[in-house]
Every structure is written in structure tokens, then in C-alpha cells.
Amino acid sequence: MAKILIVDDDPAFVHLLTNLIASFGETPITTMEGANFFSIIEKETIDLILLDIYMPIVSGLTLINQIKKHEVYRHIPVIMITGSDDMNIMTECFEAGASDFITKPISPVVLQARLSSILERQNSIKRLEKEIKERKKAESLLRKLSIAVEQSPGIVFLTDPQGSIEYANPKCLEITGYQLEDILGHSPHIFHSGSTDSATYDNIWKTISKGGTWKGELCNKKKDGALFWVLCSISPVLDEEGKISNFLAVQEDISDRILAEEALAEKTVALQISERRLRTILETTEYGIVVIGKNKEIHFVNPGAENLLCKPAKELLGNEFPYPFTLNQKTEIQIVRPDHPDIFADLRVVETETDDGPVWVASIRKVSEKKIIKQPIEKQIPQIENEVRALKQQPQSTSVSTKKIQNSTSEFISNISHEFRTPMHAILSFANFGIKKSNEVPREKLRHYFDQIKVSANRLMPLIDDLLDLSNLESRKIPYKMTKQDIIPTLQSVIREQKKIADDKKINIQLMPHECKSNSVFNKSAIFKVLRNVLQNAIHYSPEQSNITIKIENITDENNAPWLLLKISDEGIGIPEQELNEIFNKFIQSSKTKTCAGGTGIGLAICKYIISEHKGQIWAENNTGKGATISFTLPIGIN
């Protein structure tokens, strides 16, 4: 539907034209003053103008001259209207740029024919301009693609549907050594090296003939016979009817990568051979070879070391190397073997680099028979020396213990400062927000500030309780009133309390079925604290979607006194063997957990105090596989 602007000062004639144009299915827009023309045309997209020649103020001839000189509107076709048939006026209108000329009175049939003709011609011009613009855009894109292909760092060539080469880019000619005229009209077989089986080429042709794309690696041959490897992609090019007009091959020279992979494979084979030879030497030598980590833990022992130390590898691996040494110096050691005669050996340790960092390699050589004969005489000398050395080292040992306590205390102070500082900072921050914003923000926002203060305060309270409990326990200020009662309700209460935290990590807490008696003599609030602390630790250090099991048993000690045994087992990170006893000391955290968020190292110490007050015992052990178990005993009767 075209928009046609009628510019005429005769109201009756404007009304007539408006009705006629509307009946033709077009949209009429009218003005009776030439002076309003440009204000209208700036607001509306006009397709054609009907312009009266004779109008007051601004004549039609003046207006058409202004239109045709305008940069934006000069393309709009104009039909001049007049009641005169003066040829000079008609000539003047056409010279000014009019597309047609109509005299009054107007025939509706003639008007419709003239309008349709001009509008159709105008639409044809627009279509042609659009096609020209699109063609120029396509030609520009084609030029860019041509430049990209010409300058591509990869091999590009084009074949006809039968597989004859029609085009090859400069990189193809550079790598293969051919001239363009050498390969035009030839099949890509000209590049075949003979090392690729025919089944591969059959698969390529079958894939691309069906419209698919084949990708893979090929070994090709240059003009001079040299081989080169390419990563290849071959795909069909379709015409407007969807038929294959060409095949396009794009290849990347990967010869350097293939050569590097072959060299790496050769080195790997050589390394495997060297490793087998080294393993043979390690397994057959009488020397003991031990690989020691940075924390003096044993990583590897050969059979010679197992024989000298009289222990299998499984008992040595992961444990601390038991003999003192100085790097790059020979040390004489005495190996004590409970079920075998003691022996003397020379120990030498050197440092070497591995992918995981430096390690120490120790070689242990059994001394000669002459040395062994002298052993009864010399045996007393090391013993005396050891005693003297032990006496000399007592202050040092005390110093080490003191230093360890100092380190633990310092670490505790650092942890507790962090644990207090974080919630206290939140309390102060939200309190300041509330003071500053009390007259500005809505009640809901103030409620949010108070909620956050409450959360932070609730986080502080358990820390304060733990510190008070520890202080009171050490000073014996907490007298426990103990009664004989069933421990199951207390246990279930702790599980309910911790269930939300466990559910967030999808951890299943399972109280195992039991047939034993569950009564014991204990203080309910104190044992609740022990159970809560142990269960919280189990949840905190367990992975998501794991299990925590709780078991109760009846046992007797060496005096046949009855005890209730509780075990809480997780599937977490476990505890280093050397730390199983230390974790119940004050301010001590496992080296596996101290890097985790939170923790002061006093929770398990409090548990130990409480269980000791109940005359029971508490201990930790690692599970077979993964995780750890915390166990403790409570008296069933008055022990």
C-alpha cells in the first residue's frame, strides 16, 4: 500500500482525489499549502506526489524544483496537475523533473493507470537498486574470500564433481612443489604417497559423494618425492539446486607434529627399556635402595632394603625413615632386627630432582664380615655414645617440645583470632549500617541487618562456650552429675540437630541397628557436647554424597568391667597415622584439616576431658579404604 501525497489548494478537488486514491487501495495524505510540504514529507515516507501547478504563496513549479534538488527527496516521483493544456507549461514541468502530467478534469481510469505505472516503475527501480547493492556486497565478500584463500597458510584446492583439480592456492603449490599447470585437470591422486590404504580413499569418496564431510590425517607426496603429513577436511560444494558442483579440500601441514610424536614414541620406548633395566638392577642388587620424601616419609624400597631391614615394603612405605643421615656423607648405622641378628651398614643419601620436586635416595650397604667379627668388641662403644648423646640432647629435646607447644599455641591464637574477628566484624558492620540507615531504609532492610547480627552472634557463642568449657575443665570447676540412662535419645537428638547441615551436603547419617544394651552412666549435657563435636567434624570433613555410620556395642575390659562403646565413622580425608593421638591435645589440628576454613583445635580436647571425667577413653583410627573412626567408651555400671 503506497502513500501518495496530494498538494492542491482546491478543497473539492482534494476531496475527490482522496476518495479515488483510497478506492485504488492506496493511502492518501493531503495538504492545501505548498509551504507545509517539507514538514509533512519529513514525518511520512512518501511514495508518490500529486502536485498542483498553480497555488498561492509557493507554486507547484517552485516546489518541484526544490524537491528535485533535495539530496533525500529527489527520487520521489511527481505527477503535475493543472487545468491548462499549455504545452509550454508541460515542457517546463518535465524539464523540472516531473514523472507525468495530468489535466483537469481527471478521469479515474486514467489516474489509476498513471499511478500504477509510476508506482510499478518505482518498485522496479527499488528492486534493481537492492539487487545491485546485494551483488556488490556479494562481490566484496567474494573478493575477501578469494584473498583469504590466496593468503591462507593451509593447502586449499577445488575439484569438479568428477575429481579433477580446477584450482589450487599458492600455499598448495609452495608445499607440494608443483606449478599450477602441472596439476590442473589432474586427480588429487597426484599427491598420493602410497602409504595410505585404498580403503581410506574409498571411504573418502563414498562420504563426500553423499554430501558428507570427511576429516582425517593423510600422508601425501611432494613433486620431489618427499613425504608430508596433512590434517585434511574434504567437503562438497552445492549449487542453487542442491547438486554437487565442486569438492573443496582444506589441508594443514602437520609434518612437524608427526615427527615430534614419532621422536617422543622412540624416546618413550628407550625410556621403558631403561626403566626395565633399572628395575632389574634394583630387584637383583644386594644393596638396599630407599626413596625418601621431603618429610622423611618412605616412598619406595627395593627387595635389598626389605632384606636388610627385615620388613616387607607394605610396613615401610609411608612411614618415617628411621635412621639419621647427612646428605652426601657416609653414615655408619646399626640395624636392629628383632628376629634376626643385628647388622651394621653404611648409609649414604643423595638428593635428586623428580617431576614432583626433590627427593632423597638412600643406599644401604651391609658391612664386610671383618666388621661383623669386631661387633662384640665394638658393640658397647655405640651404646655408650648413644647414652652420652641422649644426655646431651635432653635440653634440646626439651627445647623442641617447648617450641612445638609454642607453635601450637601460636597457631591456636591465630585461629581463634580469625574465628572471633570474622563474626565480630560482621556484627560491627551491620550495626553501623543500621545506625546510618535507620531513617532511610524500610523496616524490612533493618530487619535484615538485625538478622545478620544475630547470625554472627550465634557463630560467636559456641566459640565462647568452648573456651569457657576448656577453662572450667582444666580447673575442675564443672562437677558432673551422672545418672544411669539410655544413650539412644541423646544420640538421636544430636542427629536431628545436625541433619540440616548433613542434608545440604547430601550426607546420609545412619544409626546402625543393635541388640546390645544402650544404658550407661553419664552426664547428658556433657555427652551431648561430645557427640555433637565428633559428628560435626565428621560432616565437615566428609565429601558430598557420602555416609556416616554410628555403632554402639557392649564390651568388657581386662577386669571384666562392662563398658558401652560408641563408634562414629566417616568416609572423609582421614588422619595421618602419626597424628592419631595428637589431635586430642589442646590447640592441635590434623595437618589434613588445618587448611580448611574454621577450627581452633580445642573441640576434641574438650571431648577428651569430658570422657576422662566419665572414666572412659576416646581414640581415633583410620578406616580400611577411606575415612576415619572416632570411638569412645562410657561405663555401664559404677566402675
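Here are some notes:
- Of the residues making up the range 45-69, those that are outside any strand (DSSP E or B) and among the hydrophobic types (A, V, I, L, M, F, W, C) are Ile46, Ile53, Met55, Ile57, Val58, Leu61, Leu63, Ile64, Ile67.
- Answer residue from the range 53-84, given it is surrounded by fewer than 17 Cβ atoms within 10 Å (Cβ to Cβ) and among the hydroxyl-bearing types (Ser, Thr, Tyr) and is nearest to Ala96 (Cα to Cα) among those: Thr62
- Residue check for Lys43: closer than 21 Å to Leu111 by Cα, surrounded by fewer than 18 Cβ atoms within 10 Å (Cβ to Cβ) and under 60 Å from the mean Cα position of the chain (by Cα): no
- Candidates Thr331, Thr284: the one that is without any contact (Cβ under 8 Å) to a residue 40 or more places away in the chain and out of contact with any Leu (no Cβ under 8 Å at 6 or more places or on another chain) is Thr284.
- When restricted to residues that are part of a loop (DSSP other than H, G, I, E, B) and either exposed (fewer than 11 other Cβ atoms within 10 Å of the Cβ) or at pLDDT below 90 (or both), the range 483-511 contains 1.
- Test: residue in the range 191-211 that is over 29 Å from Glu261 (Cα atoms) and surrounded by 15 or more Cβ atoms within 10 Å (Cβ to Cβ): yes
- One residue alone among Ser193, Ser209, Ser235 is in contact (Cβ under 8 Å) with a residue 24 or more places away in the chain and farther than 20 Å from Leu248 by Cβ, and that residue is Ser193.
- Lone qualifier among Val156, Val149 - being in a helix (DSSP H, G or I) and either more than 30 Å from Ala2 (Cα to Cα) or under 41 Å from the mean Cα position of the chain (by Cα) (or both): Val149
- Scanning the range 233-242 for residues that are among the aliphatic types (A, V, I, L, M), outside any helix (DSSP H, G or I), surrounded by 13 or more Cβ atoms within 10 Å (Cβ to Cβ) and touching a helix residue (DSSP H, G or I) at 6+ places or on another chain (Cβ under 8 Å) turns up at least one hit.
- Number of residues in the range 178-188 that are closer than 22 Å to Pro153 by Cα and either surrounded by fewer than 13 Cβ atoms within 10 Å (Cβ to Cβ) or basic (Lys, Arg) (or both): the value is 2.
- Number of the condition not met by Arg114 [criteria: (1) more than 30 Å from Leu50 (Cα to Cα); (2) among the charged types (D, E, K, R); (3) in contact with a strand residue (DSSP E or B) (Cβ under 9 Å, 6 or more places away or on another chain)]: (1)
- Within the range 92-121, residues that are under 12 Å from Ile79 (Cβ atoms) sit with their Cβ atoms under 8 Å from residues that are surrounded by fewer than 17 Cβ atoms within 10 Å (Cβ to Cβ) and at pLDDT below 85, at 6+ positions apart or across chains, in these pairs: Thr103/Gly83; Thr103/Ser84; Thr103/Asp85.
- Candidates Leu309, Leu248 - the one that is assigned by TED's automatic domain parsing to the domain that holds Trp205 and not basic (Lys, Arg): Leu248
- Lone qualifier among Ser146, Ser140, Ser124 - being under 22 Å from Tyr178 (Cβ atoms) and outside the structural domain of Leu184 (by TED's automatic domain parsing): Ser146
The values are calculated or read from the model by the stated rules, or taken from the named source; none is laboratory data. All figures in this text were calculated on a predicted structure; none of them were measured in a lab. Every residue, glycine as well, gets a Cβ built from its backbone with ideal geometry; the counts of neighbours run over all protein chains shown.
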